[in-house]
Amino acid sequence: MGRRIVVKFGGALITKKDEQCVAHTEIIRNLCSVVKSITEQGIQVIIVHGAGSFGHLKAKRWRLNEGYIPEFEFSDDTCTSQLEAVEHVRKDMLKLNAIVLSELKQVGLNALSHPPHEWASNLGPGFLGNLDRFQSDDVGVVHVSFGDVVDVDEDRQFGILSGDDIVARLSIELPDIESLVFAMGGVDGLLKVPPHVATEKDLIERWSPEVSYQGLHQADIDVTGGIGLKIKRGHLVARNGVSVHLINGEYPTRILDLVCDRPWRGTTILP
């Protein structure tokens, strides 16, 4: 096998996170165009995308991240139970996934989807699921997965498996992965100060645990841990010998510059 990378399309990047089930189609199209350019360098790309407004808003409203709550009372006429809500969110995630797949196919790539609720269970970086489905020797094949509602053992019944946990396992366990790239929305990487007051000088180009940072975590809608989880999983991957980088996905050519060893702007997580 040749060179391989894992790229996470952030949910806040590819969707309008405050508008339910609205995708940033142009951003997705630009990302997929860059993925095509990367494959033309002989590098295979595995994509995992976030949920954004296709998952977080409903999951938060129906408390799906907490698992099954017997006493939970619904005041929503779109469904009558948490179990029904699980199916709603899964269908919405498949809609977003279909948009990503369509844009990959538009640029001539063979995109294969792996919905986690079909092959994974339980939560966190130790979730259960066979990763052999992501193996391929064809650089033109792009495997795609995403954060999803999956089955969980015993009383909890279900929960949110974050795309950040999926990329961690893919990066550590699959052979020949050289880089994990988090394509984020609205920021160039980790910042020393909150994003709304940051200048270009506030970018942290090389991060290790002793370096403090400020990030935006929309706790009112996010159900998976926000930037803190990305850093935690990214550091785990870096400690396993894979380079990890955070890049502004609104400028996706920076990902191409990174893999082509050209100057790029963003944050590298040190092991």
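Taken together, the values in this text are just the output of simple stated rules run on the coordinates, not laboratory data. Please read these numbers as outputs of a predicted model, since none were measured by experiment. Please note: Cβ atoms are built from the backbone with ideal geometry, for glycine as well, and neighbour counts cover all protein chains shown.
So, residue 193, is that one of a type outside the set (Phe, Trp, Tyr) and either under 18 Å from residue 47 (Cα atoms) or in contact (Cβ under 8 Å) with a residue 60 or more places away in the chain (or both) or not?
Details: of a type outside the set (Phe, Trp, Tyr): yes; either under 18 Å from residue 47 (Cα atoms) or in contact (Cβ under 8 Å) with a residue 60 or more places away in the chain (or both): no.
Spelling it out, it is not the case that residue 193 is of a type outside the set (Phe, Trp, Tyr) and either under 18 Å from residue 47 (Cα atoms) or in contact (Cβ under 8 Å) with a residue 60 or more places away in the chain (or both).
Exactly one of (1) without any contact (Cβ under 8 Å) to a residue 24 or more places away in the chain; (2) under 18 Å from the mean Cα position of the chain (by Cα) is unmet by residue 40. Its number? The single condition residue 40 does not satisfy is (2).
Among the candidates 151, 92, the residue that is of a type in the set (Asp, Glu), closer than 28 Å to residue 252 by Cα and either touching a Ser or Thr at 6+ places or on another chain (Cβ under 9 Å) or in contact (Cβ under 8 Å) with a residue 40 or more places away in the chain (or both) is uniquely 92.
Starting from residues that are crowded, with 19+ Cβ neighbours inside 10 Å and either of a type in the set (Asp, Glu) or over 18 Å from residue 60 (Cα atoms) (or both), keep the ones in the range 153-171 and report whichever is nearest to the chain's Cα centre (by Cα). Explain how you work it out, then say what you get.
Step one: list which residues in the range 153-171 are crowded, with 19+ Cβ neighbours inside 10 Å, which gives 158-171.
Add one more test, that the residue is either of a type in the set (Asp, Glu) or over 18 Å from residue 60 (Cα atoms) (or both), and what stays is 164-171.
Numbers: 164: 6, 165: 9, 166: 8, 167: 7, 168: 10, 169: 12, 170: 12, 171: 13 Å.
Only one residue tops the list, namely 164.
Checked against the criterion of being under 20 Å from residue 46 (Cβ atoms), within 22 Å of the chain's Cα centre (by Cα) and among the hydroxyl-bearing types (Ser, Thr, Tyr), the range 114-130 contains not a single residue that satisfies it. Within the range 103-125, residues that are among the basic types (Lys, Arg) reach partners that are buried (at least 17 other Cβ atoms within 10 Å of the Cβ) with beta carbons closer than 8 Å, at six or more positions or on different chains, in the pairs 105/111. Here's a check for you: in the range 251-270, which residue that is over 19 Å from the mean Cα position of the chain (by Cα) and without any contact (Cβ under 8 Å) to a residue 60 or more places away in the chain is nearest to residue 7 (Cα to Cα)? The extreme case among them is 257. Evaluate the range 122-135: report whether one residue or more is out of contact with any Cys (no Cβ under 9 Å at 6 or more places or on another chain), of a type in the set (Phe, Trp, Tyr), more than 21 Å from residue 36 (Cα to Cα) and surrounded by fewer than 21 Cβ atoms within 10 Å (Cβ to Cβ). The answer is yes; a qualifying residue exists.
For the range 42-78, the set of residues classified as over 25 Å from residue 185 (Cβ atoms) and of a type in the set (S, T, N, Q) consists of 75, 78, listed by residue number.
Within the range 1-19, how many residues are assigned to a loop (DSSP other than H, G, I, E, B) and surrounded by 20 or more Cβ atoms within 10 Å (Cβ to Cβ)?
Of the range 1-19, the ones assigned to a loop (DSSP other than H, G, I, E, B) are 1-2, 10, 16-19.
Those still in the list that are surrounded by 20 or more Cβ atoms within 10 Å (Cβ to Cβ) too: 10, 17.
Residues in the range 1-19 being assigned to a loop (DSSP other than H, G, I, E, B) and surrounded by 20 or more Cβ atoms within 10 Å (Cβ to Cβ): 2 in total.
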